[in-house]
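Working notes, beginning with the structure itself.
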Amino acid sequence: MTLLVLSLFSVALTLLGFFVSVPLFKRFTILGLSLALLSLLLTWGKPFALGPYHVDGISQVFTLLALLGALWTVGLVRSGRFEFYLLVLYATLGMHLLASTQNLILMLVALEALSLPLYALATWRRGEGLEAALKYFLLGALAAAFFLYGTALHYGATGNLLAGTPGEGPLYALALGLLLVGLGFKVALAPFHFWTPDVYQGSPTPVVLFMATGVKAAAFAALLRVAAPGVPDALALLVAFSVLLGNLAALGQKEAKRLLAYSSIAHAGYMALALYTGNATALGFYLLTYVLATGLAFAVLSEVSPDRVPLERLKGLFHRDPLLGLGLFVASLSLLGLPPLAGFWGKYLVFTEAAKAGQWGLLVLALITSAVSAYYYLALGLAVFQKGAAEAHPRPLARGVALGVALLLILLGLIPGAVLPALAAG
Amino acid sequence: MSYLYASVLLFALGVYGVLTRRTAILVFLSIELMLNAANLSLVGFARAFGLEGQVAALMVIAIAAAEVAVGLGLIVAIFRQRESTAVDDLSELRG
């Protein structure tokens, strides 16, 4: 259903774009995404399969997150051209497809369907945007090539193209490794993270919101399927690199988007830890809290400026606009994982699962780096209360959404049990 | 097996090109080489496992074409702006 709604709207709106005004087009896009969301919620918990297209729990949870990210991006952006909204819609279609298939070739098609629109979206601001987009494109294409070669070797080792086929031998191990590298690029796991800070800094903030939420969700869904028969041990190395590098590099950052980019690398590390210990529910919940918190942070930043946002420019935001200031404060505390916010329970779940699986080395590393991250998250969150002349011209709707998401983060922190059954059932 | 060796060689050449070439076009060309290496092994393996691999190779050709459309568009846009496609010139975003 969701696939049908999304593809129908993408095709119909492509034609419609030339005839209707841009504000109306934006409403149509929001309508399409909302209908997709509705169809997803109506069929929640009911599996569906048609050929290589499989809707199951993983697909539903991760598609939900991608759709939320897409809706948020479309709502935030004020673009004079209809193509922007259309590209977001196409990318969302790719994300849904990536989360809903086990066929490696279809995964590659979906990966490209979500990446190609994002390369174009990253260029939306000329100048820096072009540089960011070219870096994103070259590394993204490289990742796709690794993924494809992994697919080919997987085919050679097991005789079929389904992710999650058990196998053995050096060819199979190499195939899994290459698939891991390809998807590691997409979720920004170190050491495949080079593009992240530059792309996050150079792209328009609403697009970055989409990259940080939707792409991560969809790529982690694919990673879950690839790692289904047995997680390769190399993932432990990626986890260690990501939490160390992401958190340490974020310490010295003076620019909010770059700081959040390094934070996203660190969070990818924590999510990969959940994957490594083999708990899809913990991963889903962590991703939910991460999507809400990082989405809120980027949404506030995009109301301050669509451009670079040095931490200096955030000073005084609370006095200028209390709602936005509090929103950024809550978001950074949730990213840090301070109780009683949702981020705390995400980390709690992941860390207890790691303890149960006996991954003490990774657990200690994750705990220490998580403590280190307090320094930069507090610097970001407390900047809004300092004296300064921050500028912000938010629309009422943006402030309403910021308030709603901040409340949701607090509510999820107080009663995390409310969504866990739904995530496990979905 | 000789298909596999040839494709590994092609893939390695592609990786080498990505790492050493300094203009965006040649880096992109090397990536296409890697895609074709994968195609070669898909078709080679299809001899043992049936047609699925050959169909996959056809799909990959279509994907590669879509990638070229976006990628060359980007490179042309960059060239118009800077009169250069050297990847080392792309260093405004640092920190």
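For the range A:93-161 and the range A:187-224, what is the separation of their C-alpha centers, rounded to whole Å?
The distance from the Cα centre of the range A:93-161 to that of the range A:187-224 comes to 12 Å.
Can you work out ³J(HN,Hα) from phi for every residue in the range B:67-74, in order, using Karplus 6.51 cos²θ - 1.76 cosθ + 1.60 and θ = phi - 60°, giving whole Hz and x for Gly and Pro?
Coupling constants for the range B:67-74: 5, 4, 4, 6, x, 5, x, 4 Hz.
Convert each backbone phi in the range A:322-330 into a coupling constant with the Karplus relation 6.51 cos²θ - 1.76 cosθ + 1.60 (shift: θ = phi - 60°), then list the ³J(HN,Hα) values in order as whole Hz, x for Gly and Pro.
Result, ordered by residue: x, 4, 5, x, 4, x, 5, 4, 4 Hz.
Can you find, among A:TRP124, A:GLN359, B:ALA46, the residue farthest towards the positive end of the dipole of the protein assembly as shown? Put +1 on the C-beta of Lys and Arg, -1 on that of Asp and Glu.
In the protein assembly as shown, that residue is A:TRP124.
How about A:LYS257: which aspartates and glutamates have a C-alpha closer than 18 Å to its C-alpha, ignoring those fewer than 8 places off in the same chain?
Cα-Cα hits under 18 Å: A:GLU128, A:GLU131, A:ASP198, A:GLU303, A:ASP307, A:GLU312, A:GLU391, B:GLU92.
Using +1 at the C-beta of Lys and Arg and -1 at the C-beta of Asp and Glu, which of A:GLY230, A:GLN201, A:GLY278 has the Cα lying farthest in the positive direction of the dipole of the protein assembly as shown?
Going by the charge dipole, the pick is A:GLN201.
What shape does the range A:233-426 have by the C-alpha gyration tensor, where a ≥ b ≥ c are the square roots of the eigenvalues, rounded means a/c under 1.5, and otherwise prolate means a/b greater than b/c and oblate the rest?
Cα axes put the range A:233-426 in the oblate bin.
Quick one: order A:HIS193, A:HIS393 from most to least accessible surface, probe 1.4 Å.
Result, largest first: A:HIS393, A:HIS193.
Around A:GLY278, under 11 Å between beta carbons, what's the net of Lys plus Arg minus Asp minus Glu among the other residues?
Details: positive: A:LYS356; negative: A:GLU353.
Local net charge: 0.
Can you list residues whose amide H is under 5 Å from A:VAL55's amide H, if they're 5+ apart or on another chain and H is modeled 1.01 Å from N?
Excluding prolines and chain starts, which carry no amide H, the hits are A:PHE48, A:ALA49, A:LEU50.
Please name whichever of A:LEU288, A:ALA424, A:LEU409 sits farthest to the positive end of the charge dipole of the protein assembly as shown, dipole taken about the Cα centre and charges placed at Cβ: Lys and Arg +1, Asp and Glu -1.
A:LEU409
Assign one of three labels to the protein assembly as shown, namely rounded, prolate or oblate, based on the Cα gyration tensor with a ≥ b ≥ c the square roots of its eigenvalues; rounded applies when a/c is under 1.5, prolate when it is not and a/b is larger than b/c, and oblate otherwise.
Because its axes are fairly even, with a/c under 1.5, the protein assembly as shown counts as rounded.
Out of residues 5 or more away from B:THR23 or on other chains, whose amide H comes under 5 Å of its own, with H placed 1.01 Å from N in the peptide plane?
Amide H neighbours of B:THR23: B:VAL87.
Given an 8 Å cut-off on Cα distances and at least 6 residues of separation, report the relative contact order of chain A as a percent.
Relative contact order comes out at 15 percent.
So what J values fall out for the range A:366-373 if you push phi through Karplus, 6.51 cos²θ - 1.76 cosθ + 1.60 with θ = phi - 60°, rounded to Hz, Gly and Pro as x?
5, 5, 5, 5, 5, 5, 4, 5
Add -39500 (n - 2.57) for each DSSP H run of 4 or more in chain A, then divide by its residues: what number comes out at 222 nm, to the nearest 500 deg cm²/dmol?
-24500 deg cm²/dmol
Expressed as a rounded percentage, what relative contact order does the range A:168-256 have, with Cα pairs under 8 Å and six or more residues apart?
44
Under the 0.36 nm per residue contour assumption, what length would be gained going from the current alpha-carbon distance of A:LEU171 and A:LEU50 to full extension?
40.5 nm
Using the Cα centre of the protein assembly as shown as the reference point, and only Cβ charges (+1 on K/R, -1 on D/E), how large is the resulting charge dipole? Debye, rounded to the nearest 20.
Values: 29 positive and 22 negative charges, 192 e Å.
The dipole magnitude comes to about 920 debye.
Keeping all protein chains in the complex and leaving out DNA, RNA and ligands, what accessible area do you get for A:PHE241 with a 1.4 Å probe, in Å² to the nearest 10?
So the heavy atoms of A:PHE241 present about 100 Å² to solvent.
Based on the Cβ-Cβ distance from A:ARG78 to B:TYR3, what FRET efficiency comes out when R0 is 41 Å, to the nearest 0.05?
Rounded to the nearest 0.05, the efficiency is 0.20.
I'd like the accessible area for B:ILE25, computed on protein heavy atoms only with a 1.4 Å probe and all protein chains in place. Round to 10 Å², please.
80
First check a/c for the range A:1-232, with a ≥ b ≥ c the square roots of the eigenvalues of its C-alpha gyration tensor; if it is under 1.5, answer rounded, and if not, answer prolate when a/b is larger than b/c or oblate otherwise.
oblate
Mean separation of Cα pairs under 8 Å and 6+ residues apart, divided by the residue count of chain B: what relative contact order is that in percent?
Computed over chain B, the figure is 28 percent.
Taking the inverse of the average 1/r across all pairs of different Cα atoms in the range B:1-83, what Kirkwood radius in Å do you get? The partial results should precede the final answer.
On the way: mean 1/r = 0.0723 Å⁻¹.
By the Kirkwood definition, the hydrodynamic radius is 13.8 Å.
Just how large is the dipole of the range B:1-83 about the Cα centre, in debye to the nearest 20, putting +1 at every Lys and Arg Cβ and -1 at every Asp and Glu Cβ?
The dipole magnitude comes to about 240 debye.
Go ahead and set up a Gaussian network model of chain A, Cα springs under 10 Å, then flag whichever of A:SER263, A:SER21, A:SER305 fluctuates most.
Top of the fluctuation ranking is A:SER21.
Quick check: the distance between the Cα centres of the range A:382-426 and the range B:17-57, to the nearest angstrom?
Rounded to whole Å, the Cα centres lie 45 Å apart.
The values are calculated or read from the model by the stated rules, or taken from the named source; none is laboratory data. Since this is a predicted model, take the numbers as computed values, not measurements. Cβ: placed from backbone, ideal geometry, glycine included. Neighbour counts: every protein chain shown. Note: accessible area is taken over every heavy atom of the protein model, side chains too, but ligands, DNA and RNA are not part of it. Shrake-Rupley method; radii C 1.70, N 1.55, O 1.52, S 1.80 Å.
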